[in-house]
Each structure stands twice: as structure tokens, then as C-alpha cells.
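In what follows, a structure is listed as C-alpha cells, so that the remarks can point back to it.
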Amino acid sequence: MNITPLQTARYEYTPKLPGMLRNGISEICVKEGAETQSVADQDKIKALFPNTYGKREITFEKGTNSAPAKKQVVGVILSGGQAPGGHNVVSGLYDALKATDPENVLIGFKGGPSGLLEDDYIIFDDAYIDQYRNTGGFDIIGSGRTKLETEEQFEIAAKVCEKHGITAIVIIGGDDSNTNAAVLAEYMAAHGTGVQVIGCPKTIDGDLKNEDIDASFGFDTATKTYSELIGNIERDCNSAKKYWHFVKVMGRSASHVALECALETQPNVCLISEEVAAKKQSLSEIADYIADSVEARAALGMNYGVVIIPEGVVEFVPEFSALIAEINELLAKNGEAFNALKNWADKHSFITNGLREKAADVFSVLDPTIQQQLCLDRDPHGNVQVSLIESEKLFSALVGVKLKKRAAEGSYIGKYNPQHHFFGYEGRCAFPSNFDADYCYSLGYNAFMLISYGFNGYLSKVSNLSKPAEEWVAGGIPITKMMNMERRHGEDKPVIRKALVDLEGAPFKYFEAHREQWSVETCYTFPGAIQYFGPSSVCDLTTRTLALEQADK
Ligand code: FBP
């Protein structure tokens with residue numbers, strides 16, 4: 001393997017642990033907190049998780065380690081989309097496990113949860129782990145999106161655990177993967193397998209957070225990477241003075257990524273899907289909102305700007321989601337007939353004729369490329385894959401139409417040349433920032449402490465994250481505490497409640513207070529590249545979101 005100088009230097013980096021975990025394994029004891037209950041639907045969740053519900057939250061402290069001596073064979077799984085820091089979770093877990101007893105074993109199941117079902121694994125040793133310390137990506141064992149949810153899958157998982165003598169499984173994933181971890185934990189307890197299951201909060205989307213979990217890992221590095229790129233675009237924009245850049249950023253339904261990037265770079269416009277939903281904004285209103293900024297800046301001689309668009313925004317525009325639902329329905333019933341049509345003109349008529357008037361009107365204002373994207377193959381659940389819809393192009397085209405009209409009416413005199421970008425994959429495997437390197441290593445190390453103390457169905461929790469690592473608080477939280485019942489595929493299911501952007505929260509309020517000025521003036525800020533070496537004030541900075549959320553602490 002060819003190794004770059006940065007990679008070599010990052011191998012040498014020693015991640016910082018919370019102060020309470022620093023004195024060595026023999027000096028970590030448990031402090032039990034209050035019993036917990038789920039965020040909602042307590043009776044239903046309790047009935048579904050009789051063995052793992054209501055357990056106490058716990059924190060670790062300095063003190064004599066009283067965990068029972070036991071050989072540990074731990075299996076680890078990376079689940080879902082990549083997020084910077086996954087390798088550090090694995091190395092933190094490995095280091096704690098080996099520091100406790102060199103005979104302990106860490107098994108990595110390959111390619112996500114399917115690795116456990118197919119018994120596809122490797123056994124880690126120092127040489128293997130050392131190649132991946134402080135590096136981005138999930139390539140240490142790969143990842144996957146197989147859902148662990150059926151009784152049959154759990155039976156297989158239990159058999160694989162028995163075969164290897166596995167005492168615990170660590171699932172590193174987002175809200176869905178950790179929901180699955182909770183269900184697996186309950187299964188393992190109900191069947192007396194003795195296998196413990198521990199989760200770790202991962203996702204660049206930032207939507208796995210709540211009163212216990214300050215942030216999901218990967219959000220820090222991914223948003224810093226996108227913010228660097230957006231800042232560079234702003235500088236280019238401010239230099240060339242001739243383009244309006246429309247930048248879509250990943251994040252699924254939630255707009256945490258878009259909001260954080262906006263706080264970091266102060267663009268002219270940033271849409272927030274949660275606000276679009278709250279105000280029930282139409283496509284036309286959103287286009288007008290962006291066009292207002294274009295027009296105001298043009299009046300000041302600035303025919304350029306930057307717009308940030310969250311990946312999932314179209315799902316939140318009521319008329320657009322109604323259109324998607326109608327197309328879904330139409331294609332579910334008539335998919336074969338539609339696919340048999342040879343050219344787009346025929347397909348276009350087929351769709352237009354099959355829609356009700358309102359939906360057909362919305363369809364008709366869309367650019368042909370977007371119309372075609374709406375008719376692409378559905379996902380396994382029959383839904384349109386919204387991340388494939390180029391909403392950056394959708395909105396730039398709608399703004400173009402608005403501006404033409406305004407020019408004809410004489411209110412807009414300017415030039416409008418849009419450019420388009422989509423940032424997602426660029427950030428998911430970046431070298432973890434110092435924050436993510438430290439946080440993830442701590443999550444993995446802490447996950448092993450939870451295992452050694454016998455906890456099952458817990459999420460590894462490291463909090464107080466806006467403070468220096470020395471002051472971080474390590475512990476665990478029962479996953480059932482974060483759950484409620486939601487409708488999924490026509491059934492009520494227990495799931496971890498997803499965190500969307502809180503329109504009353506400090507990060508949004510800050511953005512709201514400044515966006516008017518940003519929309520007209522040029523207030524761009526340039527975060528630059530992530531710094532790994534240098535003053536702590538530069539290298540260990542966390543996100544603006546976390547700093548604003550925890551400003552009062
Ligand atoms: P997770 O929720 O699994 O962490 O994935 C995050 C994410 O990067 C989303 O932002 C994005 O919509 C999705 O994964 C894309 O994943 P894929 O390339 O597998 O479709």
C-alpha cells in the first residue's frame with residue numbers, strides 16, 4: 001500500500017480520551033443514574049422490550065474497576081453510509097479490549113450486518129488495526145445497509161455468535177441501525193444467549209442526537225469538508241463575479257448539514273427543509289425567495305451568489321411530495337405499461353394524463369430533466385429516490401423563470417448564470433478531524449467498558465462535547481430511552497426518534513437573525529481545510545452547531 005505523508009503522520013496521532021477514562025482500565029468504575037423510560041409510547045415500547053426496557057443510564061468515573069474477569073470475544077459491524085471516524089471507533093474498542101486482557105478477541109464482520117449473517121469476518125491484530133488508525137473510510141471491514149430485523153436473521157446471528165464464542169456485538173450505525181441493535185439486544189436477552197449488544201452513534205447527517213447524544217460522529221468532519229469547498233466556491237464567486245452557485249449537500253431528510261455549512265460560510269441563501277415544511281412553502285414561493293436575493297444583489301451590481309440546498313428539501317414541499325406520491329401510485333399500478341413506452345414524449349403524456357390537475361400543473365413547471373428523474377426506477381419500497389433528484393438544478397431553473405418574468409416587468413436588470421454542485425460523497429470518508437478522531441476513539445473505548453460491565457442494549461455515550469476532551473463525560477444510555485412508535489411501511493414500529501432541525505434551537509435562531517443581511521450583502525466566510533496539526537484553537541474546534549447548542553453549559 002502506498003502511504004501519503006499525512007497518512008503516516010496521522011498514524012502517529014494519539015486520540016484524546018475523556019479525562020475519566022485516562023487513568024487506565026483498572027481505574028474506571030460505574031456510577032448508576034436514574035431508571036429510564038422511552039421518549040414516547042412507554043407502554044408499547046416496554047411491552048416490546050421486556051428485558052431491556054427501563055434500565056438505568058450510567059456514567060463512568062475514576063475508581064476501582066469492579067467488572068468481572070471474563071474472556072471477551074467481541075464482534076463489530078459498520079452499518080450504513082460511511083462517516084469519518086469509523087476506523088477510530090474500531091481502534092478504540094480494540095485498544096480497550098486488549099488493554100483489559102491480551103487474550104480478548106475482536107472480530108470484524110465484513111460488509112455491514114450481512115457479514116454477521118454470512119459469517120464473513122476477520123480477526124483483528126495489531127498490524128491490521130495500525131494501518132487504519134485515524135484514517136477516514138470504512139474500508140477496514142466495509143459497510144452495508146442490510147437490515148437486521150427478522151426472527152430468522154436473529155437466529156442466524158445467535159448461531160454465528162455461539163460458533164465464535166462471541167460475548168458481545170458492537171453495531172456502529174445511525175438511527176435505523178441502532179434501532180436494530182436494540183431489537184437484537186432484546187432477542188439475545190430473551191433467548192438467554194448471554195450476548196450483549198452495544199451501539200455507537202454514527203451518521204454525517206447529524207440527525208441521531210437528543211438530550212443524551214450531543215452529536216453523531218462524522219458530522220464534524222463531513223461538514224468541515226463541505227464548508228471548505230463552499231468557502232472556496234464563495235471566494236471564486238467573489239473573484240469572478242459572474243455565477244450563481246447552487247450547492248446541494250447531503251443529509252437525507254434533516255437539514256443539519258446545510259445549516260452547519262451555512263453557519264460556517266454565510267452564503268446568500270440556505271434553504272432549511274424543516275422551515276419549508278413548517279411554513280408549507282410552495283416551489284414557487286421558494287423560487288421567489290431565492291430570486292429576491294438575486295434581484296437585490298443585481299441591483300447593487302452583484303450578479304453572483306451562493307445558495308445551499310439540503311438534499312431532502314423537495315420531500316418537504318407539500319405540492320411536490322403530493323406529486324411524488326401520485327407518480328409513485330401511478331407507476332406502482334402501471335409500471336409495466338410505462339416502461340414499455342419507447343420515448344420520453346410518450347412517457348411524458350402517460351404521466352401527465354395519469355395525474356390529477358393540481359399534480360399535473362406542478363409537473364408541467366418542472367424542467368424535463370427533473371421530470372425524467374421523478375420517473376426513474378423506484379426503491380425496493382416503491383418510492384422515488386429523492387437523493388437522485390437534482391434539486392439544485394430544479395431550483396436554479398425555477399429561479400431563472402422568475403427572473404425572466406421580473407425582467408419583463410422591469411424590476412430585475414441583471415445577468416443570471418447558474419452553476420451546480422452536489423457535495424456528499426466528498427466528505428463521508430475524509431480523514432477524521434481531531435474532534436472526530438478523539439470522539440470516535442472514545443466511543444469505541446467506552447463501548448468496551450460497557451461490555452466489560454455487562455450492559456446490554458446500550459448506546460455508547462460521550463457527552464459535553466463542546467468542552468475540551470478532558471471534560472468529556474463517558475457512559476451509556478439504554479437505546480430504548482430514545483425510542484417511540486412510528487408508522488413504517490404501513491405498520492407501527494419501534495424506532496429511535498430522528499432529530500430534525502429545531503426551529504426554536506440556537507443554531508437556527510442564529511441563522512435566522514443573520515440571513516437577511518447575508519442574502520443581500522457579501523458576508524462570505526472561508527473556513528479553509530481541516531487542520532490536523534497546529535494550535536488547539538484551530539485544530540480541535542468543533543461545529544458551530546454544537547457550540548451554539550451548548551453555549552449555556
Ligand atoms: P447514513 O444515514 O447511513 O449514515 O447515511 C448517510 C448518507 O450519507 C445520507 O446523507 C445520504 O442520503 C445517503 O447516506 C446516501 O447513501 P447511499 O449512497 O448508500 O444511497
Problem - Among His514, Ala551, Leu93 - extreme Cα towards positive end, dipole of the chain, charges at beta-carbon - result: His514
Practice task
Once you've got the Cα coordinates, tell me which of Lys44/Lys333; Lys70/Lys553; Lys31/Lys224; Lys467/Lys509 are over 28 Å apart.
Solution key: Lys44/Lys333; Lys70/Lys553; Lys31/Lys224
Problem - the chain - share of DSSP beta bridges that are antiparallel (%, nearest 5) - result: 40 percent
Exercise for the section: Find which of Ala408, Ala430, Leu398 sits farthest along the positive direction of the dipole of region 386-438, computed with +1 on the beta-carbon of Lys and Arg, -1 on that of Asp and Glu, about the Cα centre. Expected result: Ala408
Problem - Built amide H within the under 5 Å cut-off of Glu57, gap 5+ - result: Gly33, Ala34, Thr36
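What is the order of Met482, Met302, fewest Cβ neighbours within 10 Å to most?
Taking fewest neighbouring Cβ atoms as first place, the list is Met302, Met482.
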Problem - Charge tally in the Cβ shell below 13 Å around Ser79, where Lys, Arg are +1 and Asp, Glu are -1, Ser79 excluded - result: +1
Completion exercise
Summing +1 per Lys or Arg and -1 per Asp or Glu among the other residues with Cβ less than 15 Å from Glu57's Cβ gives -1
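Could you give the dipole magnitude of region 294-368 about its Cα centre, charging the beta-carbon of Lys and Arg +1 and that of Asp and Glu -1, in debye to the nearest 20?
Values: 6 positive and 11 negative charges, 29 e Å.
It comes to approximately 140 debye.
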Exercise for the section: Express in whole angstrom the spacing between the alpha-carbon centres of region 204-272 and region 478-553. Expected result: 10 Å
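Would you work out if region 453-524 is rounded, prolate or oblate? Take a ≥ b ≥ c from the square roots of the eigenvalues of the alpha-carbon gyration tensor; rounded if a/c is under 1.5, else prolate when a/b is larger than b/c, oblate otherwise. Before the final figure, lay out each step's value.
Details: a/c = 4.54, a/b = 1.46, b/c = 3.12.
It is oblate, given that a/c is not under 1.5 and a/b is not larger than b/c.
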Exercise for the section: Round to the nearest 10 and give me the degree value, 0 to 90, for the angle of helix 434-452's Cα axis relative to the longest principal axis of the chain. Expected result: 40 degrees
Handout entry: Interchain or long-range residues, amide H under 5 Å from Cys270's placed H
Key = Ile308
Practice task
Whole Å is fine, so just give me how far the alpha carbon centre of region 1-24 lies from that of region 123-186.
Solution key: 23 Å
Problem - Cβ charges +1 (Lys, Arg) and -1 (Asp, Glu), total dipole of the chain, debye - result: 560 debye
Completion exercise
With +1 at each Lys and Arg Cβ and -1 at each Asp and Glu Cβ, the charge dipole magnitude of region 188-323 around its Cα centre, to the nearest 20 debye, comes out at 360 debye
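Give me the extension gain from Ala99 to Gln517: residue separation times 0.36 nm, minus the current Cα-Cα distance, reported in nm with one decimal.
On the way: separation 418, 0.36 × 418 = 150.48 nm, distance 5.40 nm.
Between Ala99 and Gln517, full extension yields 145.1 nm more.
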Handout entry: Positive-end residue of Ser143, Thr193, Ala127, charge dipole of region 120-208 with Cβ unit charges
Key = Ala127
Handout entry: Eligible aspartates and glutamates near Lys163 by straight Cα distance, threshold 19 Å, same-chain separation 8 or greater
Key = Glu103, Glu118, Asp119, Asp120, Glu151, Glu152, Glu155
Problem - Nearby lysines by direct alpha-carbon distance to Lys393 (threshold 23 angstrom, same-chain neighbours under 8 apart not counted) - result: Lys241, Lys242, Lys248, Lys279, Lys280, Lys347, Lys358, Lys402, Lys404, Lys405, Lys415
Exercise for the section: Using Cα pairs closer than 8 Å and at least 6 residues apart in sequence, work out the relative contact order for the chain, in percent. Expected result: 24 percent
Problem - Summed side-chain charge close to Val160 - residues other than Val160 whose Cβ falls under 12 Å, Lys, Arg +1, Asp, Glu -1 - result: -3
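None of the figures in this text is laboratory data; all of them are computed from the coordinates on show. Because the structure is predicted, anything quoted here is derived from the model rather than measured. Note that we place each Cβ from the backbone using ideal geometry, even for glycine, and neighbour counts take in every protein chain shown.
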